[in-house]
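Here the structure comes first, spelled out in C-alpha cells, and everything after it is commentary.
The values are calculated or read from the model by the stated rules, or taken from the named source; none is laboratory data. Here the structure is a predicted model, which is why all the values come from computation and not from measurement. Cβ placement follows ideal geometry from the backbone for every residue including glycine, while neighbour counts extend to all protein chains displayed.
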Amino acid sequence: MSVLPDVSKPVGPYRPAVRAGEFLFCSGQIGVDVSGVLKEGLAAQFKQAMANLESILTSNGLTLESVVKTTVFLIEPDHFEEMNSLYQTYFSVDPPSRSCVMVKGLPKGALVEIEAIGYLGNGQ
C-alpha cells in the first residue's frame, strides 16, 4: 500500500481528506504512486488509486468497509466493464452507493479517478 502525505495538512491547494461531522470526504485519487509516477493501463491505475484511497482511510481509522459512497470518473466509456470488475474485487459484500461519470480528461492523463465518503460513526 502506498503512503501518502499527512492527510490532516493541505498539499498546496489540495487536501486528501476532510472530516465533516461523522463523515470523511476523500478527494479523488488517481493511479499515481508515491514517487509521482502514473501507472500504465486501466487496471494498474485503478489498483493504485484504490491503494491511495485505502491509505487515506486507514490514516483516519477507517477501512473500505467504512465507505458509504464512491464516485468513479472514467475518460473512456469502453472501460466501464473492466472498471466494474475491478471495483467488485474491493467492494464485493455490501458495496457502497456509487456513481460513475464519464469525463473528457483527468489530471496527469489518468484513465480513472476515484473519490469516496467514509462514515466515522459507530453504527450504520
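What to note about this one:
- Residue among G61, G109, G105, G118 that alone is buried (at least 17 other Cβ atoms within 10 Å of the Cβ) and not polar (S, T, N, Q): G118
- Filtering V34, V18 for residues that are of a type in the set (V, I, T) and in a strand (DSSP E or B) leaves a single hit, V18.
- Residue count, region 108-124 (criterion: at pLDDT below 95 and in a helix (DSSP H, G or I)): 0
- Residue that is in contact with an Asp or Glu (Cβ under 6 Å, 6 or more places away or on another chain) and at pLDDT 95 or above, where the choices are T89, T71, T63: T71
- Near pairs, Cβ below 8 angstrom, 6+ apart or cross-chain, from region 60-87 (in contact (Cβ under 8 Å) with a residue 60 or more places away in the chain) to any residue that is in a strand (DSSP E or B): N60/A17; N60/R19; N60/L24; N60/G118
- Subset tally (residues that are part of a strand (DSSP E or B) and buried (at least 19 other Cβ atoms within 10 Å of the Cβ)) for region 64-96: 5
- Considering each residue of region 31-50 in turn, none proves to be under 17 Å from A17 (Cβ atoms), without any contact (Cβ under 8 Å) to a residue 60 or more places away in the chain, buried (at least 19 other Cβ atoms within 10 Å of the Cβ) and β-branched (V, I, T).
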